[in-house]
1. Can you list which of the GluC sites (Glu not before Pro) found in segment 94-174 are DSSP loop residues with at most 13 other C-beta atoms within 10 Å?
2. Size of the dipole of segment 43-174 about the Cα centre, Lys and Arg at +1 and Asp and Glu at -1 on the beta carbon, nothing else charged, in debye to 20?
3. Using a cut-off of 12 Å between beta-carbons, work out the net charge of the residues near Gln158 (Lys and Arg +1, Asp and Glu -1, Gln158 not included).
4. Assuming 0.36 nm per residue, please report the length gained on full extension of the stretch Lys142 to Ala118 beyond their Cα-Cα distance.
5. Among all the lysines, which ones have a C-alpha under 27 Å from Lys69's C-alpha, if same-chain residues fewer than 8 places away are not counted?
6. Tell me the net charge near Pro171. Cut-off is 13 Å between Cβ atoms, Pro171 excluded, with +1 for each Lys or Arg and -1 for each Asp or Glu.
7. Can you tell which of Ile99, Tyr123, Val160 lies farthest toward the positive end of the dipole of segment 43-174, using +1 and -1 charges on the Cβ of basic and acidic side chains (Lys, Arg; Asp, Glu)?
8. Give me the one-decimal nm value for the distance between modelled label points at Asp53 and Ala101, 7 Å along each residue's Cα-to-Cβ direction.
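Values in this text are rule-based calculations from the coordinates and carry no lab data. Everything numeric here is computed off the predicted structure, so don't read it as measured data. Reconstructed Cβ throughout: ideal geometry from the backbone, glycine too, with neighbour counts over all protein chains shown.
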Amino acid sequence: MKHIILLSLAAMALACSGNRQASAGDPGPDPEPAAAATPAPAVPQLGGAAPADSLFMSLERTPCFGPCKAYRIDLYRSGYAVYDGRLNMEKEGRHAARIGADTLRTILALAEEKGFFAMQDKYDAEVTDLPSTFLRIAANGKDKRVMGRVGQPQAFKQLVADIEALLLPVPWKPLQTEP
């Protein structure tokens, strides 16, 4: 009898864990049609059994004393993404979007192709007025963060440019700010 009760409680907890409450400013998951008989294909795990909403990639560019673009994009395994345009960007402020699984796979393939997971953690020197680029990718059991400011390899610069080409043109929707 104890086993049946424990199994029932586990099943209820599992069912409830799929119901995420949207927080203020979070558009939450896209509504699914009620008549959908077959669920949509899942986003590939891209690194194991981590929850669907764990961080997949983060890209941040910091400001400088000139017209450098400054922004941050956090992309989650579920495809939910948050963009924060800070300075010298076409879109400033916080925005959200849904990114397709194919784009996540493309980013991971580009990272592998460019040798991202084997790069140094930091490319820097004692200089001022240079922006930094932070790129973190967590996939395939790896979690790598690289900071590039001075002397980063061309492969790192190209990977960042490729990711920007994929994500910056996305139709980002402004998030409502709390009063």
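1. Passing sites in segment 94-174 are Glu126.
2. It works out to roughly 180 debye.
3. Result for the neighbourhood of Gln158: -1.
4. Taking Lys142 through Ala118 to full extension adds about 7.6 nm, to one decimal.
5. Qualifying lysines at Cα under 27 Å: Lys91, Lys114, Lys122, Lys144, Lys157, Lys173.
6. Surrounding charge for Pro171 is +2.
7. Comparing the listed Cα positions along the dipole, Ile99 ranks first.
8. 2.0
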